[in-house]
Each structure stands twice: as structure tokens, then as C-alpha cells.
1. Does residue 250 satisfy being free of Cβ contacts under 8 Å to residues at least 24 places away in the same chain and not in a loop (DSSP other than H, G, I, E, B)?
2. Can you find, within region 95-129, the residue that is surrounded by the fewest Cβ atoms within 10 Å (Cβ to Cβ) among those that are closer than 30 Å to residue 177 by Cα and hydroxyl-bearing (Ser, Thr, Tyr)?
3. Inspect all residues belonging to region 285-299 and state whether any of them is modelled with pLDDT of 95 or more, surrounded by 18 or more Cβ atoms within 10 Å (Cβ to Cβ) and in contact with a Lys or Arg (Cβ under 9 Å, 6 or more places away or on another chain).
4. Can you confirm whether residue 168 is of a type in the set (S, T, N, Q) and open to solvent by less than 10 Å² (accessible area, probe 1.4 Å)?
5. Could you pull out every one of the helices (runs of 4 or more DSSP H) wholly within region 76-191 that has 3 or more residues that are of a type in the set (Val, Ile, Thr), modelled with pLDDT of 95 or more and under 26 Å from residue 43 (Cβ atoms)?
6. Within region 10-29, how many residues are closer than 24 Å to residue 329 by Cβ and either in contact with an Asp or Glu (Cβ under 6 Å, 6 or more places away or on another chain) or surrounded by fewer than 17 Cβ atoms within 10 Å (Cβ to Cβ) (or both)?
7. Any residue in region 59-87 that is aliphatic (A, V, I, L, M) sitting within a Cβ distance under 6 Å of a residue that is in a loop (DSSP other than H, G, I, E, B) and open to solvent by less than 30 Å² (accessible area, probe 1.4 Å)? List the pairs, counting only those 6 or more apart or interchain.
8. Tally up the residues in region 227-276 that are open to solvent by 40 Å² or more (accessible area, probe 1.4 Å) and closer than 23 Å to residue 180 by Cα, please.
Amino acid sequence: MFRELLLKRKALESFLMKGSTNLPGSYCCLDASRPWLCYWIVHSLELLGIEVPASLGSRMVKFLGKCQSETGGFGGGPMQLPHLAPTYAAISTLCIIGTEEAYAVIDRHKLYDFLLQMHQSDGSFIMHEGGEIDIRGCYLAADVARLVNIVSEELFENTAQWIVRCQTYEGGFGGVPGMEAHGGYAFCGVAALTLLGHERLCDVDALLRWTVNRQMQFEGGFQGRTNKLVDSCYSFWQSAIIPVISSMTEYNTPKSLFHSGALQEYLLLCCQHPYGGFIDKPDKHRDYYHTCYSLSGLSISQNFTGSSTTKPHIIGKSDNLVIPVHPVYNLGIKSAIRATDYFQKLPSVKT
């Protein structure tokens, strides 16, 4: 059966390329998430090893430039309020495209000012001016700041301490202190701590125990919360926590800390749409969000198996292999290295 499992590459590419230029009317509800659509599509292509055509990349760069606010950060579309979520999506997309034109779009000085405005005295971040506070803001801010080399003590004062307060009795992280542990928030918490160099401030044993128990024995996929159904997007949000923890010396093991084969089976057997793309779970519609995070989870399950060798663990045909993803940035490893190397050479921003 394993040999019959196949990643539908041609159908996937067709679905992604079509979405890069023409979306159905049902996507109107995502008008304030247009940089996200760019990221989900471009990152999915990247994971498939498909280079974004130069003309498409340049059009995306110009569009994202129009989403950048005069006061720093990016909005969900041109002339929209700057917001941490589309800021992350826009900068991630620009780093995947990886051209001089793409990097030049990012105004690092104004970005720093915007992030500083979002930072709160207790260490948390609001998502936008007058917006909500939750742990996503800490990760989004730390991610883009580290990518473009604008991290400072001032910018993240008390942030690690606030994040640790979000860890729950179960071991995962909630959106704010006192909330239920959740896969997306757990990833944001430990990834942000890692970016800030404070990953050991949290209870790592409890986080590892909670995370591995979110993989369901029957389906093979991950649930986002205790007693909830599996969802293909948690194939990344939950499984990416494992290599982050495994990077700590005391947790480095030659054995996989989750069932990578079962996760690949769930994604390839249960979540692929026959005409390309991925779905949340059987009987759901395909979309670009679940396609992106399913492929990211597939990459984690293939390329971060805990093995002492560098040989990927592939269920099904060898052509199912996707490129290694950076488990903290959720960019291709080459894109992440290329971007950080580029911005490390630039002078520090004025604080």
C-alpha cells in the first residue's frame, strides 16, 4: 500500500498557479488577507521545488510593496491598517522570492517603529493599533525581526516572560495566560522563545508530552486541542514543535518523537483533493491555507525524523519527497538562510 501513495504534484502545481492569478468569488472574504494568499501559494510552490516564475514574483513584490504602510508594517491589502499577521506573511513571501527587488521592499526602520508600537509594557504584542493581544503577536514580531535583523532588547523587553505565562497545566500554550492549550499557540510560544534565545524558560518536558499526545492513533494526524478532531493544518503546527525541542541537546535522539509515517499516510491518503490541493479532513473543501500547512507538515515528517542520518523518511513513492522546511520560520531552509545572510550584512536600524 505504501508504494501506491502518491503526492499529486502536477495537480498541485496547477491548483497553485491558478490561484496566483485568479481566485474564485468565494475568496472575497479574504480581502484583508491577500499577503497570506501570496505566502500560502508561494511557500507551497517552494516546498514542491518549483521556482516562482520571475514575472509572477516581480508582480507579487510590487503588490506587497503597495500593502506596506507609510508608518511601517504591512496591511492585508493596499491602504489597509498595518497588522502583524499580514506583516509576517508579506515578509515571508518576499524572503521566499529572494530577489534584490523583493528584499528592497522591506523598510526595516519603519518596521522597527511599527513593532515597537505593537509592543506592550508586559512584553506582549497587540496585533494592530487598538487590536487584540495574544501569543501570535509575539511569534510574528520575533520572526520578522529576526529575519531582517532588527532584534533589540528594547523591542522584546519582558516578552519571553509573558510567553511563559501562557503555558498551561497540560503543557501546551494558550493564546493568553489562562487560556486552553492549542496547537497553533503552542507552536507560536516555543518558536518565539527559540527566536529570542529563551526556549528553556518553558517546561519543555510538559510541552513535549502534550504535543506527542495530540497525534491521534487511528487517523495518524494531529488534533489542535484535547478532545478535538484532527485537522491537516496541525500537521505543521504540532509536528514542527518536535524538531524545535529536538534541537536542544538533552532532547536530541536518534528515534523520531512522533509517528512520521502515520502522519504522511493521513496527509496523502485522507487529505489530498483529487484535482490538487489539500483539505482539512475528508468531506471538506480544498483551500490554499490547508495546502500550505499540509505540505509544511509533510516536509517535517519526511526530513526531521530524529534519525542520526540525513536520509529522509518517505512513505510511498520517492517523488513524494518535498524540500526541507525551517521548523521555526516555516520557510524553505535555503530561503531562510539566504534572507538572514542578506539582512545580517545591513547596518543596524536606529533605535
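1. Yes; evaluated as a whole, the condition is true for this residue.
2. Restricting to residues being closer than 30 Å to residue 177 by Cα and hydroxyl-bearing (Ser, Thr, Tyr), the top hit is 121.
3. Scanning region 285-299 turns up at least one residue that is modelled with pLDDT of 95 or more, surrounded by 18 or more Cβ atoms within 10 Å (Cβ to Cβ) and in contact with a Lys or Arg (Cβ under 9 Å, 6 or more places away or on another chain).
4. Against the criterion (of a type in the set (S, T, N, Q) and open to solvent by less than 10 Å² (accessible area, probe 1.4 Å)), residue 168 does not qualify.
5. 84-97
6. The total comes to 1.
7. Every condition considered, the pairs that remain are 81/75; 84/127.
8. Going through region 227-276 one residue at a time, the tally reaches 3.
The values are calculated or read from the model by the stated rules, or taken from the named source; none is laboratory data. Not measured: the values here are computed from a predicted model. Cβ coordinates were reconstructed from backbone atoms using ideal geometry, including for glycine residues, and neighbour counts include every protein chain displayed. Please note that ligands, DNA and RNA were not included when accessible areas were found on the heavy atoms of the full protein model with its side chains. Shrake-Rupley method; radii C 1.70, N 1.55, O 1.52, S 1.80 Å.
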